[in-house]
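Please read the structure below before turning to the comments.
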Number of protein chains: 2
Amino acid sequence: MSLTVVGSIAFDAVKTPFGERERMLGGAAVHFSLAASFFTKVRPVGPVGDDFGDEQFEVLERRGVLTEDVERVAGGQSFFWRGHYDYDLNVAHTDDTQLGVFGEFDPKLSAAAQAADTLFLANIQPDLQRQVRAQCAAGFSGLDSMNLWIETARDSLLAAIGEVDCLVVNDAEMRMLTGESNLARTARAVMALGPRAVVAKQGEYGAALFTADGFFALPGFPLEDVRDPTGAGDSFAGGFFGYLDGHDGELDEGTLRRAMGYGTVLASFNVEEFGTERVSRLTREEIEDRFEALRRMTQFDVLPAA
Amino acid sequence: MSLTVVGSIAFDAVKTPFGERERMLGGAAVHFSLAASFFTKVRPVGPVGDDFGDEQFEVLERRGVLTEDVERVAGGQSFFWRGHYDYDLNVAHTDDTQLGVFGEFDPKLSAAAQAADTLFLANIQPDLQRQVRAQCAAGFSGLDSMNLWIETARDSLLAAIGEVDCLVVNDAEMRMLTGESNLARTARAVMALGPRAVVAKQGEYGAALFTADGFFALPGFPLEDVRDPTGAGDSFAGGFFGYLDGHDGELDEGTLRRAMGYGTVLASFNVEEFGTERVSRLTREEIEDRFEALRRMTQFDVLPAA
């Protein structure tokens, strides 16, 4: 069991109605790795600048994340995102994006990263996703993307999707990608491209899983205090792929459903505090407790025979 | 077991990307009654005009709906709604509303309607809802509303909510009503007004149930063909309250969850065709099959011990 993820390793400036942070550890590969670290050995791949220091590496390494494939580019600046949320925490408003060293990123996986059993291509330019995919023969692979690439690199994105086992995107992006408004039909259209599983992330409404065998959906875990939704989707993917990679056995329907549960749980912890604050001090026991609570919240039985 | 519902009995003109109808049977009390008719004896209360004829009454009566409290106003026109949906079927666009006889509606319940065990106040002016509530001592009561009344009759609506056991509204309306964006907090704020259960309808995402004891959520039943969402929320409420009224025993958490399942199933059949077309020829067996399919789509287990 080993999991490679490629994606942004970043600093974020975030303001929500519940507070703000000027410069905190963030990025898709970071949120993904911290979430996945509870289930398996995870190895993020991506560049950082001189500004990424011991303090940031320590957050990852304390969780057992393998950081050898984090490439420090001398003289460069790390990816930086500034955004804010109004009272509708489902909508992120981007105020600034500085690619920094990510603008020149030419992914070269180490032998260990190439040998991973599972690969996740977080949201980066789809040609880069394909470059990484070509270097890693992982038995199970997943991909996330965003509206920008659907608009500007559609053909490349469709090719990238065709090369993975599982697409994980927001439901609005699935609709945009396929030009089809019905979610069940969008999922079928995506599966026709190659993936055998499609996860539609639905923000506070949770997530839905489509496979050839069926349909499964989970609500978001209900929380009275959501402080910063940044990284929720990446934490979901980290919990989902982390559990699948750490799982011993077939990736059958039951296993995928449990992975949806762990994804939901990790996303819920992520949004309780800013950035990586909550997940970096999370315990496996807290995860299991919430997983069981989620299970209880979604079960119902037929009426027992009288 | 007997269920009274007050609400619109109407003609609808609806256009969706999948077809249109110029004048079809509709209205909240109609959709509610047809859905509830699979579980209990249901009695809609409301006025219609001369234009409401035998053909319309027959649709109700074939399903066993008790129509004695449908008041035919001589010389009047029935409530009429014209609307359309674009490719996002979650958003109804109203093109015309003609209150007709509903503009003078002064609800007077028959003795049988007053004696109902369960009462549902569909979306009408909240003072009218209170008038009906005052005439009916039902042991379990519910209420739906809409943005119009939140904006124009807020105090009256809050009083009406305080007089029922269960609020059933769209989640956006719950937020608007409480001025609170977090759904779990909005539910708590509503329960502080009186209701012991709150159902947030979430369109294609399904519905969530909040009670003092907990939280439960179901996704919408996944359909590849949704032709007309008009009446989905009323069909949900009809399945939900119909099941609760027909149920023999306590309204405990398990019963409420099964009612959520039946509400979801009835709403899903409703949207497969225009207006009442699908539900009016539905069978209890089809309902049970889809209920069981929904249950299978939402269950997951912890990993069996190795």
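The values are calculated or read from the model by the stated rules, or taken from the named source; none is laboratory data. Computed from a predicted structure; not experimentally measured. All Cβ positions, even for glycine, are placed from backbone atoms using ideal geometry, and neighbour counts span all protein chains on display. With ligands, DNA and RNA removed, areas are computed over all heavy atoms of the protein, side chains included. Shrake-Rupley method; radii C 1.70, N 1.55, O 1.52, S 1.80 Å.
Of all residues in region B:8-44, which are assigned to a loop (DSSP other than H, G, I, E, B) and either out of contact with any Gly (no Cβ under 6 Å at 6 or more places or on another chain) or of a type outside the set (G, A, S) (or both)?
Those that are assigned to a loop (DSSP other than H, G, I, E, B) and either out of contact with any Gly (no Cβ under 6 Å at 6 or more places or on another chain) or of a type outside the set (G, A, S) (or both): B:I9, B:P17, B:F18, B:G27, B:F38, B:F39, B:T40, B:K41.
Checking A:V279 against (1) at pLDDT below 95; (2) buried (at least 24 other Cβ atoms within 10 Å of the Cβ), only one condition comes out false. Which one?
Result: A:V279 fails condition (1) only.
Given (1) away from chain A (no Cβ under 14 Å); (2) closer than 20 Å to A:E224 by Cα; (3) out of contact with any strand residue (DSSP E or B) (no Cβ under 7 Å at 6 or more places or on another chain), identify the lone condition not met by B:S181.
(1)
Since B:E253 meets every condition but one in (1) in contact with a helix residue (DSSP H, G or I) (Cβ under 8 Å, 6 or more places away or on another chain); (2) open to solvent by 20 Å² or more (accessible area, probe 1.4 Å); (3) touching a residue at least 40 places away in the same chain (Cβ under 8 Å), which condition does it not meet?
Going through (1) in contact with a helix residue (DSSP H, G or I) (Cβ under 8 Å, 6 or more places away or on another chain); (2) open to solvent by 20 Å² or more (accessible area, probe 1.4 Å); (3) touching a residue at least 40 places away in the same chain (Cβ under 8 Å) one by one, B:E253 breaks only (1).
Report whether or not A:V42 is among the β-branched types (V, I, T) and surrounded by fewer than 22 Cβ atoms within 10 Å (Cβ to Cβ).
no
Looking at B:R196, is it surrounded by fewer than 17 Cβ atoms within 10 Å (Cβ to Cβ), basic (K, R), modelled with pLDDT of 95 or more and in contact with a strand residue (DSSP E or B) (Cβ under 7 Å, 6 or more places away or on another chain)?
yes
Step by step: first the residues of region A:48-63, then only those that are touching a Ser or Thr at 6+ places or on another chain (Cβ under 7 Å) and assigned to a loop (DSSP other than H, G, I, E, B), then the one that is nearest to B:S181 (Cα to Cα). Which residue is that?
A:R63
Of the residues that make up region A:214-224, is at least one of a type in the set (G, A, S), surrounded by fewer than 23 Cβ atoms within 10 Å (Cβ to Cβ) and more than 25 Å from A:R284 (Cβ to Cβ)?
Scanning region A:214-224 turns up at least one residue that is of a type in the set (G, A, S), surrounded by fewer than 23 Cβ atoms within 10 Å (Cβ to Cβ) and more than 25 Å from A:R284 (Cβ to Cβ).
Could you say which residue among A:S8, A:S37 is within 19 Å of A:R281 (Cα to Cα) and either in contact (Cβ under 8 Å) with a residue 12 or more places away in the chain or within 12 Å of the chain's Cα centre (by Cα) (or both)?
When all the criteria are applied, what remains is A:S37.
Output the residues belonging to region A:64-100 that are of a type in the set (D, E), open to solvent by 80 Å² or more (accessible area, probe 1.4 Å) and in a strand (DSSP E or B).
Selection gives A:E71, A:D95.
Taking region A:232-250 as the region of interest, how many residues are surrounded by 24 or more Cβ atoms within 10 Å (Cβ to Cβ) and within 11 Å of chain B (Cβ to nearest Cβ)?
Number of matching residues: 1.
If we keep just the residues of region A:202-213 that are open to solvent by 20 Å² or more (accessible area, probe 1.4 Å) and in contact with a strand residue (DSSP E or B) (Cβ under 8 Å, 6 or more places away or on another chain), which is farthest from the other protein chains (Cβ to nearest Cβ)?
A:G203
Criterion first (open to solvent by less than 50 Å² (accessible area, probe 1.4 Å), closer than 24 Å to B:R43 by Cα and either outside any loop (DSSP other than H, G, I, E, B) or touching a residue at least 40 places away in the same chain (Cβ under 8 Å) (or both)) does B:P229 satisfy it?
Yes.
Restrict the check to region A:262-269 and report whether at least one residue is outside any helix (DSSP H, G or I), of a type outside the set (D, E, K, R) and within 12 Å of chain B (Cβ to nearest Cβ).
The answer is no, given that none of the residues of region A:262-269 is outside any helix (DSSP H, G or I), of a type outside the set (D, E, K, R) and within 12 Å of chain B (Cβ to nearest Cβ).
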